[in-house]
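This report concerns only the one structure given below.
The values are calculated or read from the model by the stated rules, or taken from the named source; none is laboratory data. Computed from a prediction, not measured in an experiment: that's the story for all the values here. When we count neighbours, we look across all protein chains shown, and the Cβ atoms used for this are built from the backbone with ideal geometry, even at glycine. Ligands, DNA and RNA are excluded from the accessible area calculation, which covers all protein heavy atoms including side chains. Shrake-Rupley method; radii C 1.70, N 1.55, O 1.52, S 1.80 Å.
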Amino acid sequence: MRVRFAPSPTGPLHIGGVRTALYNYLFARKHGGTFILRIEDTDQSRFVPGAEEYIQEALQWLGLLPDEGPTQGGPHAPYRQSERTHLYRQFAEKLLDSGHAYYAFDTEEELEDMRLRLQKSGQKAGAYNSITRYSMKNSLTLSRDEVQARIRNGEPYVIRIKIPRNEEVRVNDLIRGTIVVNSSTLDDKVLFKSDGMPTYHLANVADDYLMQITHVIRGEEWLPSAPLHVLLYKYLGLEEVMPQFAHLPLILKPEGNGKLSKRDGDRLGFPVFPLQWRDPESGEISAGYRESGWLPEAVINFLALLGWHPTEGKELFSLSELIDLFDLSRISKSGAKFDLEKARWINRQYVQALPPEVLGRELCRQAVNHGINADPQYCHRVASLVKERLTLLSDLWKESHFFFSRPGPPDAQWLQGRWNPETAALLDACIDRLSALELFESHQIEDTISQILREKSLKPAVLLPLLRVLLTGTMTGPSVADSMALLGKEETLHRLRTYRLWNIPV
Ligand code: GLU
């Protein structure tokens, strides 16, 4: 079995595209087949620099490495369509010879005129089809000599497929069953453009044939093109080797209405791209899962479950389990709602399962990004302490930055609500008693604080939030005693004493 992921390098890869790559990969691995990366870059006008490198890097980050592709090479190289242009012409010629395609010379203005004419007469906008083609400038309406002369004179032309007027076209889809479309609903799509490049349809079918693709697994947005592709196989005499089709359901907005877009991600605070992307023209940055602290295993896991589920009840699957269980017949026909809470839960499980050394190293790396060169041993201890508070890797720094730098003074209003004439004395008592401790470890610290509270008949809520704010500048975090132990006696006392510098409202 040979499958391909065939993105066009027109920008960053949407996670819908990543899921397509993943399903192709799982299918290939499950059946001992071949996973191919083919770059479909024949549309020069949509080419975006850096997009192909982005795709390759994203697949690498996720561990979905192709067996054949532009960097891997393979028996059907090259794997970039722009380097294969010499291969496509023969397919168009064959269709011209058998009368299933024709030359068309219409200019932009003439095409626009047709659109307007059709609009005025209330017909479906703009279709160049089995009816309208006879009123246009093409090799079906012009004499043979004139066609030859125009071509000889270098007049620009395109090659269009000649769609039959009224014929049933059947697409067998492994997910949706048989879909029957009447050819009258299709138009005479351009197969070859005036710049001498094939369009997506021709290049895609030609390459699937040349690369001996057995299964075309792709997004639902390509379903409307499938009847045209079926006709191309038929007219090229390749029906026997036509691949099987599987069109994957759309990934929907969390609310379920409409396709998930970058705007939804921005609105709800999650990336829709695997890696961060900087638009080369506008410079605009789009967030990526990798940079936002997601683990590739988690992204694979939650994407796999968007539209496919092997068994009820289980949500965590490693890549090798996914390979084992993957089955096209369990892919749903209906769109899959993106479930942010579930995705976050899945990431959390993978983050929690990381070895402490890995978290420690990651924290050191994040500290460096904030200009701090921290001791690896210390990072390890901090990471272990905040670990249970992490969902994303990027939470590491958020949850622990105060172990690396001193907090500023607290919010005056917050303080006002907590301060009373005895507070300063209470804090001083803590400072004295803690500085008398010989062993400055969590339970000694905890005992000391409890003792002070008991002696003064105070509730923990009177003291602990104040201590926490003095130590960390935040209201939540690991236990106060654990935090003090980790900061060490000297640093703890220093931070507690800073209350004396506060401008305390009375
Ligand atoms: N180049 C198309 C895309 O960008 C590929 C569609 C297909 O897999 O046939 O998605």
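Tabulated data for the structure shown
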| read-out | value |
| --- | --- |
| Charge context of PRO274, other residues only, Cβ under 9 angstrom, K/R +1, D/E -1 | 0 |
| Average accessible area per residue (Å²) across the chain - probe 1.4 Å, nucleic acids and ligands excluded | 48 |
| Accessible-area composition of the chain, carbon plus sulfur, in percent [1.4 Å probe] | 50 |
| Interchain or long-range residues, amide H under 5 Å from LEU248's placed H | ARG218, GLY219, GLU220 |
| Calculated from backbone phi, Karplus (6.51, -1.76, 1.60) coupling profile of the range 253-259 in Hz, x at Gly/Pro | 4, x, 6, x, 9, x, 5 |
| With all protein chains modelled, accessible area of GLU112 [1.4 Å, Å²] | 80 |
| Calculated from backbone phi, Karplus (6.51, -1.76, 1.60) coupling profile of the range 175-191 in Hz, x at Gly/Pro | 9, 9, x, 8, 10, 10, 10, 8, 4, 5, 8, 9, 10, 7, 4, 6, 9 |
| Three-way shape call for the range 52-115 based on the alpha-carbon gyration tensor, with the a/c threshold at 1.5 | oblate |
| Cα gyration tensor category, rounded, prolate or oblate, for the range 390-506 with a/c compared to 1.5 | oblate |
| Whole-Hz ³J(HN,Hα) from phi, Karplus 6.51 cos²θ - 1.76 cosθ + 1.60, for the range 362-379, glycine and proline x | 4, 5, 4, 5, 5, 5, 4, 4, 9, x, 10, 9, 9, 6, x, 4, 5, 4 |
| Flagged links, alpha-carbon separation over 21 Å, of LYS262/LYS337; LYS120/LYS162; LYS162/LYS234; LYS337/LYS398 | LYS120/LYS162; LYS337/LYS398 |
| For the chain, Cys with no neighbouring Cys Cβ under 4.7 Å | CYS430 |
| Of all DSSP beta bridges in the chain, antiparallel share, percent nearest 5 | 55 |
| Additional length obtainable on full extension of the chain from ALA412 to LYS120, 0.36 nm per residue less Cα span | 98.2 nm |
| Solvent-accessible area of GLU341 with every protein chain in place, 1.4 Å probe, in Å² to the nearest 10 | 120 |
| LEU463 accessible area, 1.4 Å probe, all protein chains in place, Å² to nearest 10 | 0 |
